[in-house]
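Everything below concerns the one structure shown next.
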Amino acid sequence: MSRSAHPAGPRHADVLPEGHYSAPPADLNRLDEKVWSRTVARDADGVVTVGGIPVTTLAEEFGTPAYFLDEADFRARCRAWAEAFGEDADVFYAGKAFLSRAVVRWLKEEGLNLDVCSGGELTTALQAGMPAERIAFHGNNKSTHEIERAVEAGVGRIVLDSFQEIVRVAHVAQSLGKRQKVQIRVTVGVEAHTHEFIATAHEDQKFGLALAGGQAAEAVRRALRLDGLELIGIHSHIGSQIFDTSGFEVAAHRVVGLLKQVRDEHGVELPEIDLGGGLGIAYTSDDDPREPHEIAKALRDIVTRECEAAGLRTPRISVEPGRAIVGPTAFTLYEVGTVKPLAGLRTYVSVDGGMSDNIRTALYDAEYSVALVSRTSDAEPMLSRVVGKHCESGDIVVKDAFLPSDVAPGDLIAVPATGAYCRSMASNYNHVLRPPVVAVRDGEARVIVRRETEEDLLRLDVG
Ligand SMILES: *Cc1c(COP(=O)(O)O)cnc(C)c1O
């Protein structure tokens, strides 16, 4: 990582402010394939295309702001994950990253399973034809009604998150005359993010049952006693945007320790272990995510090694990537509305969306890239901040990035890697209408989630 407060190279101001940004790239017109979806390119006129369609055409047809999702890339990533983990493991796409009925159909066709964590996500999954046995139901406070719907539908597993829920799910299953497959979510005291992980004895968070202090072991004891439940494994999810698998090593070590304890105490070898999601993607050129086959090999090796050391049969592994599948497959297209240079600081470039279509920068201080996509430019790089149109000074989409200094109202700019946690976390703040999601493939574009209208807003406002 080459971060510098005073990058070398051409600049629009004599002094560049402190900030978290790299030196300007040598060529602002070049699109780094690491952060753009697979079919993105620039055509002979300098206009960026996706699936063979120029963004200028897309903007005319669908308006801005809008998310454009590269369907070929999405499907390729599903296949890469499925192939990397193979027949003796399961890949669950985490629906909270982005879910729509079209996405569910693609997942189904490409052989993936699906995680849901609310009644709304469950309905979307079932409605689009995902077989219930390929759905896992998550959440720390599922309502009894949600549990009933999940058990009734026959979901493949419910991930139990509390002592109360163990009883609730068992009760629902029994009253429906069913035996529900469940996993128990444990917290292993590992918190992983990007290149670091922190391992502690106790975890101060709402999810899961702690290994430390014996809560997790007690949960297993209770679940094994209840006729309505079939306990199939242990679940652990350690973080987000993780590049380094060493946090999984500590997590797997601790989970396998529990499996061993369960074997010794109950004579039962639980057949499955779920290592969760949280695998990282490239938001900027400084990020270097690992390929699914490298991740699969690393995780498999870790679990096999730990189980051998504990004298256990290696359980079936499952993983739950959300961001790593959908994140890189979409970009948000915006039109520039105003350009405001602040001498000695940076230039504020305002777009027609903002924190309502991408809350991650405001919420997590996330980093993004941006490019001028409706044309090329030979103008010098200008340190820019891409901001939205909301009444909030924290309404920032891209905190620090370089755009050509001739960027002007009417230009189209795009922010890549917005497939995950952007549309799914979108809001109506300021009564701004949520943008559509348009799937693009082989020269064809079709709306999979339409743009919100003012009638949509007023429909909920019953006066
Ligand atoms: C959020 C979440 C995921 C997906 O996380 P990504 O960072 O999108 O891969 C997977 N499993 C669980 C339990 C989660 O809460």
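The values are calculated or read from the model by the stated rules, or taken from the named source; none is laboratory data. A quick note: this is a predicted structure, and the numbers were derived from the prediction, not measured. Every residue, glycine among them, receives a Cβ derived from its backbone with ideal geometry; neighbour counts consider all protein chains shown. All accessible areas refer to the heavy atoms of the entire protein, side chains included, with ligands and DNA or RNA removed. Shrake-Rupley method; radii C 1.70, N 1.55, O 1.52, S 1.80 Å.
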>> If R₀ is 56 angstrom, what is the calculated FRET efficiency for the pair Q127 and A343, using the beta carbon separation as r and rounding to 0.05?
In response: 0.55
> How far apart, in nm, are the 7 Å Cα→Cβ label points at E269 and V167?
Replying inline: 3.4
> For the chain, with every protein chain kept in place, what is the accessible area per residue (1.4 Å probe, Å²)?
Replying inline: 42
> If we sort 24-37, 432-445 on the protection proxy, mean other Cβ atoms within 10 Å, highest first, what's the order?
Replying inline: 432-445, 24-37
>> In Å and on Cα atoms, what radius of gyration and Dmax does the chain show?
In response: 23.5, 74
>> Students often forget the sequence filter, so: which lysines lie under 27 Å Cα-Cα from K34 once same-chain residues fewer than 8 apart are removed?
In response: K96, K108, K297, K399
>> I need the calculated FRET efficiency for the pair E60 and E83, taking r as the beta carbon distance and R₀ as 41 Å, to the nearest 0.05.
In response: 0.60
>> With N set to the number of residues, divide the alpha-carbon radius of gyration of region 72-154 by 2.2 N^0.38 Å and report two decimals.
In response: 1.07
>> Suppose we keep just the alpha-carbon trace of region 138-321; what are its Rg and Dmax in angstrom?
In response: 16.6, 54
>> With angles folded into 0 to 90 degrees, how steeply does helix 215-225 sit against the dominant principal axis of the chain? Use alpha carbons for both and round to 10.
In response: 50
>> Below 8 Å, C-alpha to C-alpha, sequence gap of six or more: please give me the relative contact order for the chain in percent.
In response: 20
> Does anyone have the angle between helix 292-310 and the longest principal axis of the chain? Alpha-carbon axes, 0 to 90°, nearest 10?
Replying inline: 30
> In degrees between 0 and 90, to the nearest 10, how far off the longest principal axis of the chain does helix 246-266 point, with axes built from Cα atoms?
Replying inline: 20
>> For a protection proxy built on the mean count of beta-carbon atoms within 10 angstrom, sort 319-326, 134-141 highest first, please.
In response: 319-326, 134-141
> Any idea how far apart H202 and N428 come out in nm if each label point goes 7 Å out from Cα toward Cβ?
Replying inline: 4.2
> Net charge near Y421, counting Lys/Arg +1 and Asp/Glu -1 over other residues with Cβ under 9 Å of its Cβ?
Replying inline: +4
>> From Cα pairs below 8 angstrom and at least 6 apart in sequence, can you work out the relative contact order of region 138-321, rounded to a whole percent?
In response: 19
